[in-house]
Every structure is written in structure tokens, then in C-alpha cells.
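Below is one structure, written out as C-alpha cells; comments come after it.
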Amino acid sequence: MKMFLKHPEIKDFAKKNDHIYSQSIQSPGNWERVIEGIHGMRSAEYVLVDSINTDEGMNYLQTKERKFAELVGSLLSSQTKGHFTHEATRRLLKNGLLSAETMDKADEATIKSLIYPVGFYTRKARQLKQVAKICIYKYDGYIPSTLDNLLLLPGVGPKIAHLVMIIAWNKVEGICVDIHVHRVSNWLGWVSQPGTKWVCLILFKDEASLLISN
């Protein structure tokens, strides 16, 4: 069980600060019943993201390209709805731009047009070019395999870095969620920290899970 001295700050986990652990945070008394209710409500509701197959068209990519594609998709997903991210990634795939080498050679205006209308598409087009160049010259076309090195990439913060570690490298050093998890946790009365960017909850009887939001 994780032992927290306080609700951590992003910088604590980005730097893997071990000094934040001190005392136990108890799980909410009604969390199992609430989770069951949420599962029931969600299973009865169909939303557009349910139709998305994130592996569509990716299976034939080589390991190096697949990992780069997962980083690209994660970058595009920031402040963007899932179906927009999926469609933008599919367009990049169709145009052969889901490798560091091809992304580096592509014109920035072309990238921008292909990823539109994801959030901040102009900035992200520039960052994708920068990321591709770094991956080529520092990692031989692969993406970084550590949290610290991922955090050095343009546009990559703690949430994206943890997500890429999970989906590209199968290493769980944090669980990524969006800001709504913090809002819902406050609504449920599980936490009471207006404005905080971190929510720490014990969601399993013997395991503390860190939920990261930005």
C-alpha cells in the first residue's frame, strides 16, 4: 500500500520523489457501492468513443513505428475529444507519417492540415516535428523509454509521459486520467481540494492507485 504524507504535487512524481510517502490514506467507506453504480450507468450509455478501435491499421507497423505512433496519438489527445484524435492519427497513418523519419521530413503545414481540428493543432504540428528530430538523433528513431527522458520532449508533460510508458513500454508508473476524475471525486465527497491537480484515492483494498490529471 502506498503511504502518502500529503497529496502529492506533479513535480514530486515527475522527479520520482520518495519522500512524499509517510502515512496511509484511507479509502472512502462507500467506494465499492459507488463504483458498481458508476459501472451500471456507464454500461447503459453508448458514446462515440465506444466505436473507436485504437489499433485499427496499426498492427502492420514495426515496433519502432508503433511506439512512435503511440507517442503521436498521446500528444494529439491532449485537450481533444477521442474521435478527433483517432481521425487525425488515421490521416497521419494514411499519409505515411507515423514514424520519426517520415514525420521529420514532412512539411509542418502538411502535418497541421492532417491533424486539424485537434486542440492546438498549430502548436502540436511544430512539436511533432521537434519530437521526431529528437527521436532520430538521440534514440535512433525510437521514443524514449524512461519517464524522465519523455518529459524532456516538447509538449510532453507528466500525464502524457505516464500514458506513453504504459501503452508503448508496458511500464506502469502512474495512471492517467483527465480533470473530470478530480471533479467527480469531489462531487462524491471522496476528496475536498478545490483547484488541486492531483487526486489520490485507494481504489483497491490492498493497493493505492495514483490518478493523474492536468
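Things worth noting here:
- Between Lys81 and Val47, the contour length at 0.36 nm per residue exceeds the alpha carbon distance by 11.1 nm.
- Cα gyration tensor shape for the stretch 52-169, rounded if a/c is under 1.5, else prolate or oblate: rounded
- Cα-based shape type of the stretch 101-149, given that a ≥ b ≥ c are square roots of the gyration tensor eigenvalues and the cut on a/c is 1.5: oblate
- Length gained on full extension, Leu151 to Tyr139: 2.9 nm, using 0.36 nm per residue less the C-alpha separation.
- In sequence order, the stretch 102-110 has phi-based couplings of 6, 5, 5, 7, 6, 6, 4, 5, 5 Hz under the Karplus curve 6.51 cos²θ - 1.76 cosθ + 1.60, θ = phi - 60°, and Gly or Pro positions carry x.
Bear in mind these aren't lab numbers, they're just calculated from the coordinates by the rules spelled out. These figures come from a predicted structure and were not determined experimentally.
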